[in-house]
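Below is one structure, written out as structure tokens; comments come after it.
The values are calculated or read from the model by the stated rules, or taken from the named source; none is laboratory data. Because the structure is a prediction, the values reported are computed rather than measured. Neighbour counts are summed over all protein chains in view; Cβ atoms, including those assigned to glycine, are modelled from backbone coordinates with ideal geometry. Accessible surface is based on the protein model in full, side chains and every heavy atom, while ligands, DNA and RNA are left aside. Shrake-Rupley method; radii C 1.70, N 1.55, O 1.52, S 1.80 Å.
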Amino acid sequence: MSAIYIRDFKSFFHNMMGYVFAAFFLVVVGFYMTAYNLVYAYSQFEYTLNATLFIFFILIPILTMRSFAEERKSKTDQLLLTSPVTVTQVVLGKYLALVSAFLIPMVVIAFYPLLLTQFGDVNLKAAYGCLIAFILMGMVFLALGMFISSLTESPIAAAFISFGVMLVMFLMPSIASLIPDGGLGGVLKSILSWFQITSGFDSFAGGIFDLTSIVYYISWIIVFYALTVQSIQKRRWC
Amino acid sequence: MIEIKNLVKRYGKHVAVDHLSCTIEDGQIYGFLGPNGAGKSTTMNIITGYLAASEGTVSVNGHDILEEPEEAKKSIGYLPEIPPLYMDMRVGEYLEFAARLKKIPKDKIEKEIKRVTKETSIEDVYRSLIKTLSKGFRQRVGLACALLGDPGILILDEPTVGLDPKQIIEIRELIRHLGKKHTVILSSHILSEVSAVCDHVLILSHGKLVASETTEELGRRSDASGEIEMTVRAAKRHLAMILDCMDSVKDYRIEPSEEADCSDVIIDPVNKEDIRERLFYRMAEEKCPILAMSLKKSSLEDIFLELTENDKEEQKA
């Protein structure tokens, strides 16, 4: 497992994807932080994070698209799956590599609230609580992107499908609000609310540490992880 | 030892492998032979655990590939049709990755890599990026990867496809050398290759095993036709008249020869008897000089076609 983790992590920085991802992430977060925290002088870093959620569905597909699709395209999955490692371990190694590449810009971002303390009082607990939720949400999207990558042979297709699915998840609250209440509409609405990944973030943005949302995110990570394992296993049977 | 029992692999309605059973004994070189699409790669992918069979079982050294995949996979080194190489890695990096993946103890990795690079003579490209390597070297790196951990069984899927003649000879030499220490299964659609390298040939056609023979048996089969080929300086009519009168000739076929004023004839003697001397004296009497005469050997290709065509006819019937 560690062999796959190290190889995948290194490969992000062999082919520039890792650098591009980190650079864009930092540019966008830096831009919003300049606007909210420096120009308008809000002391809440949560506002910045809340405003930058949209970069997930632009940047995460770039990171995850190659994960399994590229292996399948270049037939290197034959090496992984004929080696004495289980599919669970292969998927875990790959997922942890994705998470590590994602955490690099996060480590840089983690210094921003500290920077703000130079200029006045900052509620650090709220800021870091929010950052934790931000990272967990990112990890949900990484798991989702990895799962979609495992379904196809083409990294480009994986990127576009991930982008589409994540976009729908972002728009889910607006989509749900279009459905009338009561009867079948109410049932549909509550089903759709399961997929409102971003609305779990609202309380964090308001400075509240919401444990149910944390559990909700971790559940999604486990679901997509398990789905990825299943999709790789299933491929052998057909 | 590999035991394959009643292996079936279906892709939708298409049956790629059809109730295949065979046993691969230790210490021999086996060749899977068959036309494209005969199910060679699919069978190999099932043995190595990359694909799962629809029916039937494969056990490697007593470990079932589905029930104890890790144990079974440890004793197999696999070189797929397209070597599974990461183009953005260097050869050394790649082999180290593969060695760790195969759970070779850390302190032995360096020694193992040295051994396999020497065995496949890729020391010179150790630091090169894999994408800059030629097809032949990529094949070698793939083979080196399969050799890591010194597995008892090597499975090589069309190891010589796409190589130039010199590389083909080198890889064959290497396989023959490896066959001394390992059980080797290779696949090919080139008969001469299989008969040159392998001890045992398994012929597949439409997912079925149509023949399982040692290379010698296959060779003997090619001598068995008993037909005689002859080039005679005589007109076709004259020659036909002579042969009609000979009791020991069951059947013959006369074709115009490339040589001037000559006829080529293929004679099928009664009871496959060797009647070359009788033919010689008879032709001499008739003053028809024999320019060439030989026992006809059916080429391996003929036998191969015969075996695989038979199967097709059976299917139709």
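Figures for the structure shown
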quantity: At R0 = 35 Å, FRET efficiency that the Cβ-Cβ distance of B:Lys180 and B:Val15 yields, to 0.05; calculated: 0.45
quantity: Exposed-site-free run, longest, chain A (rule: chymotrypsin sites (Phe, Trp or Tyr not before Pro); DSSP loop; at most 11 other C-beta within 10 Å); calculated: A:120-193
quantity: Those lysines that a straight Cα-Cα span of less than 23 Å connects to B:Lys236, excepting residues fewer than 8 apart in one chain; calculated: B:Lys250, B:Lys287, B:Lys296
quantity: Pair B:Asp26, B:Ile169: separation of 7 Å Cα→Cβ label points (nm); calculated: 3.5 nm
quantity: Loop-located trypsin sites (Lys or Arg not before Pro) in region B:5-99 whose Cβ has at most 14 other Cβ within 10 Å (DSSP); calculated: B:Lys13
quantity: GluC sites (Glu not before Pro) restricted to DSSP loop in region B:191-252 with at most 10 other C-beta within 10 Å; calculated: none
quantity: Cα-projected label distance for A:Phe54 with A:Leu96, points at 7 Å along beta-carbon direction, nm; calculated: 3.6 nm
quantity: Tilt relative to chain A, helix A:87-109 - C-alpha long axis, 0 to 90 degrees, to 10; calculated: 30 degrees
quantity: Cα-centre dipole for region A:2-236 with unit charges at Cβ (Lys and Arg positive, Asp and Glu negative), debye to 20; calculated: 800 debye
quantity: With Cα atoms, 0 to 90° folded angle of helix B:135-147 axis to chain B main axis; calculated: 60 degrees
quantity: Estimated FRET transfer efficiency when R0 is 22 angstrom, pair B:Ala196-B:Ala292 (beta carbons, to 0.05); calculated: 0.20
quantity: Farthest positive-ward along the protein assembly as shown dipole, Cα basis, beta-carbon charges - from A:Ala143, B:Gly49, A:Ala3; calculated: A:Ala143
quantity: Per residue value of the accessible surface for region A:77-173 (all protein chains in place, 1.4 Å probe), Å²; calculated: 36 Å²
quantity: Net charge of Cβ neighbours under 13 Å - reference A:Tyr5; Lys, Arg +1; Asp, Glu -1; calculated: +3
quantity: The protein assembly as shown: antiparallel DSSP beta bridges as a percent of all, rounded to 5; calculated: 70 percent
quantity: Förster radius 25 Å - calculated FRET efficiency between B:Ser212 and B:Lys272, Cβ distance, rounded to 0.05; calculated: 0.50
quantity: Filtered GluC sites (Glu not before Pro), region B:1-98: DSSP coil and at most 15 other beta carbons within 10 Å; calculated: B:Glu25, B:Glu67
quantity: Computed lengthening from A:Ser203 to A:Ile179, 0.36 nm per intervening residue step minus Cα-Cα distance; calculated: 6.3 nm
quantity: Rough spin-label spacing in nm, given labels placed 7 Å along Cα→Cβ, for A:Phe13 and A:Val223; calculated: 3.5 nm
quantity: Hits among lysines - C-alpha to C-alpha of A:Lys94 under 24 Å, sequence gap 8 or more where chains match; calculated: A:Lys10, A:Lys73, A:Lys75, A:Lys234, B:Lys73, B:Lys74, B:Lys102, B:Lys103, B:Lys106, B:Lys131
quantity: Options A:Ser162, B:Ala260, A:Gln44, ranked by Cα towards positive dipole end of the protein assembly as shown, top entry (Cβ charges); calculated: A:Gln44
quantity: Dipole of region A:2-236, positive end: most advanced residue of A:Gly207, A:Leu192, A:Cys130 [Cβ charges, Cα centre]; calculated: A:Leu192
quantity: C-alpha long axis of helix B:91-101 to longest principal axis of chain B, angle in °; calculated: 70 degrees
